[in-house]
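Single-structure report; data block below.
The values are calculated or read from the model by the stated rules, or taken from the named source; none is laboratory data. Computed from a predicted model, the values in this text were never measured in an experiment. Quick reminder, even Gly has a Cβ in these numbers, built from the backbone with ideal geometry, and neighbours come from all protein chains shown.
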């Protein structure tokens with residue numbers, strides 16, 4: 001009878017084939033049959049907040065370039081910032097890279113929605129204090145200063161009224177100070 005022996009080359013071939021088979025099994029993608037568009041990775045999506053943050057810091061960069069760099073470096077904002085600050089330009093993404101959440105890089109187009117409120121509303125119009133502007137404060141001050149200060153109330157409505165009154169007083173006081181500054185400036189220039 002002939003004895004069957006294993007030699008070293010056979011053992012090495014067996015180990016290499018086994019390791020390749022195990023590697024193939026563990027790197028095999030999950031059973032999802034959906035295909036992503038070219039240029040999209042399976043597990044990583046770029047955080048839009050990071051893209052907005054970088055585009056505000058560096059308005060000369062396009063959002064598409066920022067997204068490509070963030071996708072390539074695993075979403076590391078610090079690495080992208082260092083790359084830009086060191087003077088190295090970001091790589092231009094390939095034409096196949098089409099991010100799904102690409103928003104226009106023009107900041108005015110984001111705020112130009114019809115439902116958004118005007119950008120420059122002053123506090124007087126926002127809180128409807130126009131009627132209280134010309135009211136002299138000397139009438140209100142003595143009566144309030146003589147009255148004892150109330151402690152924090154347990155009633156929610158009373159607290160809300162108190163805070164609203166304080167807010168209105170602060171806004172009107174700030175307006176008076178600005179008017180006095182403007183008067184002082186105009187008096188100093190004339």
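Kindly check whether there is at least one residue in region 133-140 that is modelled with pLDDT under 55 and assigned to a helix (DSSP H, G or I). Yes; the residues of region 133-140 include at least one that is modelled with pLDDT under 55 and assigned to a helix (DSSP H, G or I). Screening 71, 60 for residues that are outside the structural domain of residue 169 (by TED's automatic domain parsing), loosely packed, with under 12 Cβ neighbours inside 10 Å and modelled with pLDDT of 85 or more leaves exactly one candidate, 60. The single condition among (1) closer than 30 Å to residue 51 by Cβ; (2) at pLDDT below 80; (3) surrounded by 11 or more Cβ atoms within 10 Å (Cβ to Cβ) that residue 90 does not satisfy is (2).
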